[in-house]
Amino acid sequence: MKLTIERAALLKGLAHIQSVVERRNTIPILANVLIDAGKDKVSLSATDMDLAIVESVAGQVAKAGTVTVPAHTLYDIVRKLPDGSQIGFETAGDKGQVTLRAGRSSFTLSALPAEDFPKMSGGELPHKFELAAGDLRNLIDRTRFAISLEETRYYLNGIYIHATQSSGVKVLRAVATDGHRLARMEMPLPAGAENIPGVILPRKTIMELRKLLDETQSAIQVALSDTRVRFAFDDAVLTSKLIDGTFPDYERVIPTGNDKVLEVDCKTFAEAVDRVATIATEKTRAVKLAVQRGQLTISATSPDAGSAIEEIEARYTGTAIEIGFNARYLLDIAQQIEGDGARFTMADAASPTVVQDAADQSALYVLMPMRV
Amino acid sequence: MSGEHDGGPPPGLCRDCLAPIEAGAEVDRCPRCGSARLLRHPEIADLTLAHIDCDAFYASIEKRDDPALADRPVIVGGGTRGVVSTACYIARRFGVHSAMPMFKALKACPQAVVIRPDMAKYAAASRQVRAIFAAATPLVEPVSLDEAYLDLSGTQAVHGRSAAAVLAGVARDVERHVGITVSIGLSWSKFLAKLASEMDKPRGFGVIGRAEATALLGPRPVRAIPGVGPKLDMRLAADGIRRIGDLQALGPEALRARYGTMGAWLAERAFGRDGRTVEPDHDARGISAETTFARDLEGVEPIAAELWPLCETVSRRLKKAGLAGRSVVLKLRRADFRLLTRRRTLAEPTQLAERIWETAHALLAGAVGTGRFRLVGVGLADLSDATTADTPDLFSQATESRAIEQAIDAVRAKFGDGAITRGRGFRPGSIRRAKTLR
C-alpha cells in the first residue's frame, strides 16, 4: 500500500475516528484505525464493536491496499504535523509496519493485519428516511441532557426514537429521561419513517452523531432495523447497535390534568435560580419556588452556607403553592427554551411538573419535584 | 544507596533481635543474640514494599488453641461442603492442599485431624494481626483475612530502623501476641513482594531486589504472573512463549506490537514492574452483610435467593443509622476461596433494599459466569446522611419502593421480622413463624 493524503483532510477524518476508539482496549485491534486505500479514494474505519464509523478522505493512491495502525498515535502525529503537509503512507514488505512521511518527519508504526479488523454484522436495515441536519440536531439537543448515566437502568442510557401521533399529526419523537426529569421533542414525521420500530440510540452514538452534525448542512440518510441504525453523511457513515431493552411507558408519567399555570420570563428566571442556587446544599441543589398571584419567590437554605431569596415577576392566577426542584435540572431545561417565556404547569408539591416554551410546543419537559 | 559489595557478605539484620549486621561482616550467627536467623541482601536498606501471609492460617490457630495438635496433621474444612479450607504444613507433606475434596485429602492422609472452621475465631485473630500491621505503617491493604500488602516507604525515620527490620519486628510481634507465624516478602513492587513471600514458607522472609528481579523471573512459567490465566497461557504457548524469560527476550516493543496494550502489560510484569500501589481499605466505613452457604452454589438464581435477605439486612442497618450509600459492592467467594468483588456507583445515595437488590443483582448476573461459590456479601459504601437519598422518581420505582418499604418496616417493628416478607424472600417456614406471631 502506498498513498498520500493532505493533512487537513486526514485530520478531520481522524478526529471522528479517534473519538470512537476507546482509550483503553483489551482487544488490541480495536485501538487501531483501518486504512483502506482504493483506486483514488481512501477510507478510514474504527469501531468499538457497538459503534462503527467509516470516513472517506481524498487522497492519491499509488498502490492500493489495507492496513491498520494505532488510531490515537496516528491522530497525535497528524495533529502535530505542520498545516499543509502532504502525508505519505507506505507498508513495508511484511505488512507488520507502516512508514509515515511528511516533510522531514518520518514515523514507523506497528501495524496489525486488516483481515483481523472486526466488521459490523450486516443484515437488512429495512426502514429508510431522510432528516435535515438541523432537525436531527434539535431532536438530540433538546433531549440528551436528560439521558440517565445509571448503568442499572441501561434502557435509559440513550434517546428513545419512535413514530407516533401528537394531536392527530404524525410525528417523529425523541425522548430521554433519568427518572428525575424527562425531555420529549417532536417533529413532523419524515416520509419512510411511518413504520419504524421504537429504538433506543446509545449515548455514545448520540455524542458521535452530534459531532458529525456540527460539520454538515446537508440531509442525513437514516436507515434502521430493530437492532441497528445507520446514519449516512456526505463523507462519513456511522453504524451503531441499539440498546437492547424496553423504554418505559413514558406517556404515563406526563401529567395531563395539572391546573396551576405559571409563566415567567425564561432568562430572568434562569439567572435568579442560578444566583439563589449558590447557597443551595452541594448535594441536593434544592431550591424552593413559592408561587402566588403575579409573583414567584425563589429561595434556598443550607445549614452550612446560609440562605438566599429572590423575587421575580410572574403570571399566575391559581392558588398559592410551594414546590422544590433541583436547581441544576431547572437550569438545564431553561437552557433549552429559546423563546422569552417558560410555562410551568403544576399540580402540587409532590407531583410531576410540566415545563414548555410558552411559544413553541414541540418540546416538552417533565420535572419531578424534591422534598424541601 | 546499596549496590555491589565487592563480593563480601551483604548487609543485613537479625530476624530475632533485629540487630543490624554490617556489610562485609563474616558471621553465621547474630553477634548480639546468637540467633542463626540472619537476613542478608545487598538492597535490604532500599526495599519498602511487603506482602505478608499468615502460614496455614486457620490450621495454625487451631494448633495454637490445642497444643495436643502440634505434631499432628490438621485439616480445617469439611461440613456438607466437603473441601479442605486449610491444611497445616504436616498435612501438606502428604499432598493435602486447599480446595481439595475432603475424601481425597483423607485418602492421602487418613490420620489427619479434621476441624470444622470457626470463622469468628479466625476473624478475631485477623483483627489482632492487622492491628500489628497498622502499628508499622498506615498503608496496609488487606487482601483477605490472612494476607496483606504493606508499604513502608518513609517509615524509617519514624521507627528509627529499616523497613526490613520493622517487618522482622512485625513477624516477631505476631508470633508473640497472636501465636501464629507469618511469611514475609519484601521487594519493590506488589507482584514481586507476593512472589518473595511465597519463596520462603513457612516463617520465611524472602527478599527480591531490583538487580536480581529479571534473572529470578526468567525461568518461571508465564502463569506465575497474576492475571495470566489458562486462556492467555495457551495463546502465549502457541506463540512459543512459555517462560517469563521468553517475554523478557522479546522486549517491550515487540510485545506491544504483537499484543497491543496487553503486550505492554506483559512486558511490565516480565521485568517485575507493577504500577499498582498499596491502597488502604477505603470501605472500612461501609455497611455490609454476608453469608456463607450451607453448600457451594452455582448460577445466578440460587445465589440471588441468598442475596435478597442480605440486601434487606443492609437496608435495615442503613435506615436505623439514618444513612444512605452511593456505591453498591458485591462480594463473592469462589469454592476455592478466591475473592471476587464488583462495585457500582449509583446516581444518588440509597437506603432502599429494593434499589440495593436491583444493583447487586445486576452485578451478580455479570459476575457469576461458571463456577461454584461459597459466600456472597453485599455492602454499601460512600455513605452520607439519608436526607439526599432516594429522591422521587418519575417511574416511581424509588417512590413506590420507599412507600412499600416504610409499610413493611412498620409491620415488622410491630410484629417481628417474620411477620411480613416479599415474595422474593419467602421460604417455607417463614410463614409458619408469621402465623405463630398472630
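Coordinate-derived values only; no laboratory data. Nothing here was measured: the structure is a model prediction, and the numbers come from that model. Note: ideal-geometry Cβ built from the backbone for every residue, glycine included; neighbour counts use all protein chains shown.
Quick rundown of the values:
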quantity: With Cα atoms, 0 to 90° folded angle of helix B:397-415 axis to chain B main axis; calculated: 80
quantity: Distance-filtered residues of region B:324-341 - backbone nitrogen under 18 Å, label point 7 angstrom along B:ARG223 Cα→Cβ; calculated: B:336-338
quantity: About the Cα centre, charge dipole magnitude for region A:2-116 (Lys/Arg +1, Asp/Glu -1 at Cβ), debye; calculated: 440
quantity: Helix B:190-199 vs. chain B, principal-axis angle (Cα, 0 to 90°, nearest 10); calculated: 70
quantity: Kirkwood Rh and Cα Rg combined as Rg/Rh, region A:43-95; calculated: 0.96
quantity: Value of [θ]222 nm, deg cm²/dmol, for chain A, DSSP H segments ≥ 4, -39500 (n - 2.57) each, nearest 500; calculated: -5500 deg cm²/dmol
quantity: Extension gain (nm, one decimal) between A:GLU130 and A:ARG79, 0.36 nm per residue minus Cα-Cα; calculated: 15.0 nm
quantity: Exposed-loop-free span, longest in chain A, where GluC sites (Glu not before Pro) count as exposed if DSSP calls them loop and at most 14 other C-beta atoms lie within 10 Å; calculated: A:1-123
quantity: Rounded, prolate or oblate (a/c below 1.5 giving rounded, otherwise prolate when a/b exceeds b/c) for region A:254-367 by Cα gyration tensor; calculated: prolate
quantity: Formal net charge of residues neighbouring B:VAL207 (Cβ-Cβ distance under 10 Å; K, R +1; D, E -1); calculated: -2
quantity: Net charge of Cβ neighbours under 12 Å - reference A:ALA64; Lys, Arg +1; Asp, Glu -1; calculated: +2
quantity: Region B:40-48 - phi-based ³J(HN,Hα) in whole Hz, Karplus 6.51/-1.76/1.60, Gly and Pro as x; calculated: 10, 7, x, 9, 4, 7, 9, 8, 9
quantity: Span from the region B:150-208 Cα centroid across to the region B:225-291 one, whole angstrom; calculated: 24
quantity: Computed label-point distance, nm, for sites A:LYS267 and A:GLU251 using a 7 Å Cα→Cβ extension; calculated: 3.8
quantity: Neighbourhood net charge (15 Å Cβ-Cβ; Lys/Arg +1, Asp/Glu -1) for A:VAL273; calculated: -1
quantity: Principal semi-axes in Å for region A:2-116 [√(5λ), Cα gyration tensor, largest first]; calculated: 20, 15, 14
quantity: Unit charges on C-beta of K, R, D, E only; dipole of region B:1-125, Debye; calculated: 920
quantity: FRET E, pair B:SER144, A:SER19, Förster distance 35 Å, beta-carbon r, rounded to 0.05; calculated: 0.30
quantity: Cysteines, chain B, no other Cys beta-carbon under 4.7 Å; calculated: B:CYS54, B:CYS88, B:CYS109, B:CYS311
quantity: Angle in degrees between helix A:327-336 and the longest Cα principal axis of chain A, rounded to the nearest 10; calculated: 70
quantity: Shape of the protein assembly as shown, Cα gyration tensor, a/c cut at 1.5; calculated: oblate
quantity: Convex hull of Cα atoms in chain A, direction-averaged projection (nm²); calculated: 22.0
